[in-house]
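Q: First the structure, which I've put down as structure tokens, then a few questions once you've had a look.
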Amino acid sequence: MDRYSIYAPLTLGKREFCIPDANEACPGCGAALALRHVYKALGLPEELKAKWRFPEKSKNGRGALLSLSKGRSGDGYPIEVLIDNEADLSLASLFQKSEPGTKVAEGYAYVATACSSYPFDLIDKLKRAQKAKGTAFIHILTPCPVGWGFSPDLTVKIGLWAVEARVFPLYDVTQGAYRITVNTLSPRPIANYIKVQERFKGLSDSEIETLDNNVKQAYRRLAELSQRTDEVKL
């Protein structure tokens, strides 16, 4: 039994903001799981509705972008939440997460990556976003059984493997300071993550090796940025 099936229901709060009967998501939808965590974490009252921008109206073409109020005690700046199901993206762009870096360059007060498979990390970042003195941005990876080609009962595991393979590292940036929030000491081979998804079935071993090298290089850059932050603190 997965450890989250035991502990998550006991610690995430009982109040629900997502109505099951009104949920039109597919079985195992990572986006629906992410939205459930978002609303639980922020405790948004009914009158504070999310504003959606769907893929056809979004420059990034992936999932949907939410603009959420921080609540009555907020500073007036929104929390932008990218629900990312990696729709309509080329293979190369799947492994180049440019949105967080762009938001950091634009001077956002708080920027983070998250995954629906890591509810405690996600909720902690939403709480930090609420307290940020300025606009916050959170990029959430939400595995899609239909689009990615895997069994709906594997949604949580696929998200875990994406992080463990360092394909989608979890980190945040506060006023320019980087911090890796989930550090996998023994990374999962990227092939383990790729070969369980139908969308990657045409990849050769050499192409997977190239992607593996690209992921390792990107993670090294992220680790260096995080290390520089630690050195400044010292």
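Q: Inspect the stretch 154-175 for any residue being on the phi > 0 side of the Ramachandran plot and surrounded by fewer than 15 Cβ atoms within 10 Å (Cβ to Cβ) and give the result as yes or no.
A: Scanning the stretch 154-175, I find at least one residue that is on the phi > 0 side of the Ramachandran plot and surrounded by fewer than 15 Cβ atoms within 10 Å (Cβ to Cβ), so the answer is yes.
Q: Which ones in the stretch 116-146 are farther than 16 Å from residue 40 by Cβ and outside any loop (DSSP other than H, G, I, E, B)? Break it down into steps so the answer makes sense when it comes.
A: Keep residues of the stretch 116-146 that are farther than 16 Å from residue 40 by Cβ, which gives 131-137, 139, 141, 143-146.
Selection gives 131, 136, 137, 139, 141, 145, 146.
Q: Follow-up. On the basis of being under 18 Å from residue 114 (Cα atoms), hydrophobic (A, V, I, L, M, F, W, C) and out of contact with any Gly (no Cβ under 9 Å at 6 or more places or on another chain), does residue 170 make the cut?
A: It is true that residue 170 is under 18 Å from residue 114 (Cα atoms), hydrophobic (A, V, I, L, M, F, W, C) and out of contact with any Gly (no Cβ under 9 Å at 6 or more places or on another chain).
Q: Are any of the residues in the stretch 187-197 closer than 27 Å to residue 79 by Cα and surrounded by fewer than 18 Cβ atoms within 10 Å (Cβ to Cβ)?
A: Within the stretch 187-197, none of the residues are closer than 27 Å to residue 79 by Cα and surrounded by fewer than 18 Cβ atoms within 10 Å (Cβ to Cβ).
Q: Quick one: would you say residue 170 is modelled with pLDDT of 95 or more, within 30 Å of residue 135 (Cβ to Cβ) and of a type outside the set (D, E, K, R)?
A: Working: modelled with pLDDT of 95 or more: yes; within 30 Å of residue 135 (Cβ to Cβ): yes; of a type outside the set (D, E, K, R): yes.
So residue 170 passes the test.
Q: Out of the helices (runs of 4 or more DSSP H) lying entirely within the stretch 147-234, which hold 3 or more residues that are within 27 Å of residue 103 (Cβ to Cβ)?
A: Qualifying helices (runs of 4 or more DSSP H): 155-164, 205-233.
The values are calculated or read from the model by the stated rules, or taken from the named source; none is laboratory data. All of these numbers come straight from a predicted model, not from anything done at the bench. Don't worry about glycine lacking a Cβ; one is built from the backbone with ideal geometry, like all the others, and counts go over all protein chains shown.
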